[in-house]
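Handing you a structure now.
The values are calculated or read from the model by the stated rules, or taken from the named source; none is laboratory data. Keep in mind the model is a prediction, meaning the values are calculated, not measured. Don't worry about glycine lacking a Cβ; one is built from the backbone with ideal geometry, like all the others, and counts go over all protein chains shown.
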Amino acid sequence: MTLILLNKPYDVLCQFSREGERAVLADFVPVKNVYPAGRLDRDSEGLVVLTDDGKLQARIADPRHKLEKTYLAQVEGVVSEAALERLRAGVVLNDGPTLRAGADAVPEPEWLWPRVPPIRVRKSVPDAWVEITLREGRNRQVRRMCAAVGLPCLRLIRWRVGDWTLEGLAPGEWKRA
């Protein structure tokens, strides 16, 4: 079994097949016959688990298995305890309510790399960081949850999938697990 951990950079499609000029996973991982276990949006960064094991891929990606995924979201505004409680309780989105989530205000990570291009900065609006742990993975879920509690997401990084983390991986780097 092959298992690869990749730190997917911003603006990279989470697929191996090329569509136009946009960067894809094959530009970073030269290993054949591995596939992403779950998706990460083009405008999100962080951990993507790649494997050639279909059963493992299904276990990681399928919400029925409730494998935890932890995200660090840089949000616009001041994070209140009320907003965190709403995230923890589950948020009603247009496709239904989310499951309960872990949610805490955290300082900006010390290990954080600069994003290229940088996020938009508004001097009159503060930003903050929230750590969110989910057991499901809907399309753009973390971004939609943050917006639903009044905290638009400026930057989103997946830090952890199950027991695997980004630790030691710069954007575009990968390693076998």
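Can you spot a residue in the range 137-150 that is at pLDDT below 95, in contact with a helix residue (DSSP H, G or I) (Cβ under 9 Å, 6 or more places away or on another chain) and either surrounded by fewer than 16 Cβ atoms within 10 Å (Cβ to Cβ) or small (Gly, Ala, Ser) (or both)?
Yes, there is a match, as at least one residue in the range 137-150 is at pLDDT below 95, in contact with a helix residue (DSSP H, G or I) (Cβ under 9 Å, 6 or more places away or on another chain) and either surrounded by fewer than 16 Cβ atoms within 10 Å (Cβ to Cβ) or small (Gly, Ala, Ser) (or both).
Specify the residue that is surrounded by the fewest Cβ atoms within 10 Å (Cβ to Cβ); the eligible residues are those in the range 27-79 that are within 19 Å of Ser17 (Cα to Cα) and among the small types (Gly, Ala, Ser).
Going through the qualifying residues, I end up with Gly54.
Would it be correct to say that Val121 is outside the structural domain of Glu167 (by TED's automatic domain parsing), surrounded by 15 or more Cβ atoms within 10 Å (Cβ to Cβ) and of a type in the set (Val, Ile, Thr)?
Judged against the criteria, Val121 is not a match.
Moving to a separate point now. Has the range 41-58 got any residue that is in contact with a strand residue (DSSP E or B) (Cβ under 8 Å, 6 or more places away or on another chain), in contact (Cβ under 8 Å) with a residue 40 or more places away in the chain and of a type in the set (Gly, Ala, Ser)?
In the first step, residues of the range 41-58 are kept if they are in contact with a strand residue (DSSP E or B) (Cβ under 8 Å, 6 or more places away or on another chain); the result is 41-53, 56-57.
Keeping just the survivors that are in contact (Cβ under 8 Å) with a residue 40 or more places away in the chain gives 41, 43-53, 56.
Okay, now just the ones that are also of a type in the set (Gly, Ala, Ser), so 44, 46.
Within the range 41-58 (the criterion being in contact with a strand residue (DSSP E or B) (Cβ under 8 Å, 6 or more places away or on another chain), in contact (Cβ under 8 Å) with a residue 40 or more places away in the chain and of a type in the set (Gly, Ala, Ser)), the answer is yes, since at least one residue qualifies.
Where residues in the range 59-93 are touching a helix residue (DSSP H, G or I) at 6+ places or on another chain (Cβ under 7 Å) and part of a helix (DSSP H, G or I), which of them is modelled with the lowest pLDDT?
Going residue by residue through the range 59-93, those that are touching a helix residue (DSSP H, G or I) at 6+ places or on another chain (Cβ under 7 Å) are 59, 65, 67, 71, 73, 75, 87, 91, 93.
Filter once more, keeping what is part of a helix (DSSP H, G or I): 59, 65, 87.
Details: Arg59: 85, His65: 75, Leu87: 98.
Among those that are touching a helix residue (DSSP H, G or I) at 6+ places or on another chain (Cβ under 7 Å) and part of a helix (DSSP H, G or I), it is His65.
Just to be sure before I move on: is Val49 closer than 20 Å to Ile157 by Cβ, at pLDDT 95 or above, not in a loop (DSSP other than H, G, I, E, B) and not assigned by TED's automatic domain parsing to the domain that holds Val142 in the structure I sent?
Working: closer than 20 Å to Ile157 by Cβ: yes; at pLDDT 95 or above: yes; not in a loop (DSSP other than H, G, I, E, B): yes; not assigned by TED's automatic domain parsing to the domain that holds Val142: yes.
Here the answer is yes, as Val49 does meet what is asked.
Can you find even one residue in the range 26-39 that is in contact with a helix residue (DSSP H, G or I) (Cβ under 8 Å, 6 or more places away or on another chain) and not in a loop (DSSP other than H, G, I, E, B)?
yes
Further, regarding this structure: Being in a loop (DSSP other than H, G, I, E, B) and touching a helix residue (DSSP H, G or I) at 6+ places or on another chain (Cβ under 8 Å) is the filter here; which residues of the range 1-15 pass it? Please lay out each step first, then the result.
Looking only at the range 1-15, we keep the residues that are in a loop (DSSP other than H, G, I, E, B), and these are 1-2, 9-11, 14-15.
Across the range 1-15, the qualifying residues are Met1, Cys14, Gln15.
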